[in-house]
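K.L.:
Before we start, here is the structure in question, set down as structure tokens.
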Amino acid sequence: MNKKFAMINNRRKPFAILLCAMSLITISPAQQQDQTRGLRVKKIEDSRPVSATPTDPRQPRTYRSVTGAASSSELRKSASASEAVIGITLWRLRPAQPADNQGARILEHHAAKSAEWTAERIEAGTRINEGERVRVSIESPSTGYLYVIDREQYADGSLGDANLIFPTARTRGGNNAVVAGRLIEFPAQEDNPPYFTLTRSRPEHIGEVLILIVSPQALAELPASAEPVKVAAEKLAQWEKEWGGRAEQFELEGGAGLPYTKAEKSAGGDGSRMLTQSDPLPQTILRMNAKSGSPVLVKVVLRIAP
């Protein structure tokens, strides 16, 4: 297996993703002419604990459709219990500057000195340069178990081996349970370094396909181990057929480039702090039809810039 997300200590660590459920999407009155924009994701906010403070009116709260126009009938279907939503927030890191006084810092510890990084949101599908530092945060408004399988993608459309990169025994002690309002970050804040770097295994390597599975029950076929576990191609193909499907992608309008907040850092720490209804929403939303009580499988591609 070739390493994809190489860290300074050359240890491979798992990615994490954010899992949400959407019960209602409406169109903002000011944007009735464009049904791909101004979509309000109500269930994400409603599933969180009520906040003691009001929401900052400057904070983005609406989404746009990336996969095409959302018709009225399509929007109505979003209230159905047969739909599942997965949300992802990808962060790109840069060295912290003195002017970065509004957001939270990511700390990296070295023997000689420490480094501070500022994390900024990027949309899913943004091309990432080799060597750039990346983090991922996730949340789920419903109880379940999260699994992330990684495959290299090549220029001819072929894929590399499938490897389970989350859960692992090194992260959260192998605990992959997700629950409403709790933010999960990977790498964890206490990891050193607390980020991934994206590197090519060979010249035709153009991206990483992350296969996300959220199951109501733990999957015995995907146990947590100290190292990534290879997943049989036949088994993965079966899951993709049974649990997968076309997913719609939505991006938070005005979210790209916003810094990692102190609230998000606190919620992504030891798990004692929950995200509230006034806290920032996830950057990317993936929505698909799902059978009630069945696992959900979606894919996200991290693209390496030429």
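K.L.:
Once amide H atoms are placed 1.01 Å from N in the peptide plane, what residues at a sequence separation of 5 or more from GLU83, or on another chain, have their amide H within under 5 Å of its amide H?
P.N.:
Here ALA290 satisfy the definition.
K.L.:
Name the shape class, rounded, prolate or oblate, that the alpha-carbon gyration tensor gives for region 213-266, where a ≥ b ≥ c are the square roots of its eigenvalues, rounded holds for a/c under 1.5, and otherwise prolate holds if a/b is larger than b/c and oblate otherwise. Present the calculation step by step, with values, prior to reporting the outcome.
P.N.:
Values: a/c = 2.87, a/b = 1.63, b/c = 1.76.
Note, shape of region 213-266 comes out oblate.
K.L.:
Report the Cα-based extents of region 129-199 along its three principal axes, largest first, to the nearest Å.
P.N.:
Principal-axis extents of region 129-199 (Cα, largest first): 39, 25, 22 Å.
K.L.:
Ranking request for peptides 90-103, 281-294, 48-61, 194-207: highest mean number of other beta-carbon atoms within 10 Å first, then the rest in descending order.
P.N.:
Output ranking for 90-103, 281-294, 48-61, 194-207: 281-294, 194-207, 90-103, 48-61.
K.L.:
Nothing charged except the Cβ atoms of Lys and Arg (+1) and of Asp and Glu (-1): what's the magnitude of the dipole of region 134-235 about its Cα centre? Round to the nearest 20 debye.
P.N.:
The calculated dipole for region 134-235 is roughly 180 debye.
K.L.:
Another question, if that's okay. Take SER292 and THR67, extend 7 Å from each Cα along the Cα→Cβ direction, and tell me the distance between the two endpoints in nm.
P.N.:
2.3 nm
K.L.:
Quick one: what are the phi-derived ³J(HN,Hα) couplings along region 225-231, Karplus 6.51/-1.76/1.60 with θ = phi - 60°, whole Hz, x for glycine and proline?
P.N.:
9, 5, 10, x, 10, 6, 9
K.L.:
Sticking with this one: Tell me which residues come under 5 Å, amide H to amide H, from ALA104 once H is placed; ignore anything under 5 positions away on its chain.
P.N.:
Residues meeting the criterion, in which the H sits 1.01 Å from N, are TYR260, THR261, LYS262.
K.L.:
Per 10 Å bin from zero, what fraction in whole % of the C-alpha pairs of region 166-288 is there, up to the bin with the longest pair?
P.N.:
In whole percents, the pair-distance histogram is 9, 31, 41, 18, 1.
K.L.:
Taking 0.36 nm per residue of sequence separation and subtracting the Cα-Cα distance, how much length would be gained by fully extending the chain between ARG202 and GLU227, in nm to one decimal?
P.N.:
Full-extension gain reported as 6.8 nm.
K.L.:
Amide H to amide H under 5 Å from ALA180: which residues, 5+ apart in sequence or cross-chain, H placed 1.01 Å off N in plane?
P.N.:
For ALA180, the qualifying residues are SER142, THR143.
Every number here is computed from the coordinates shown, using simple stated rules; none is lab data. No experiment lies behind these values; they were computed from the predicted model shown. Heads up, the Cβs are rebuilt from the backbone with ideal geometry, glycines too, and the neighbour counts pull from every protein chain shown.
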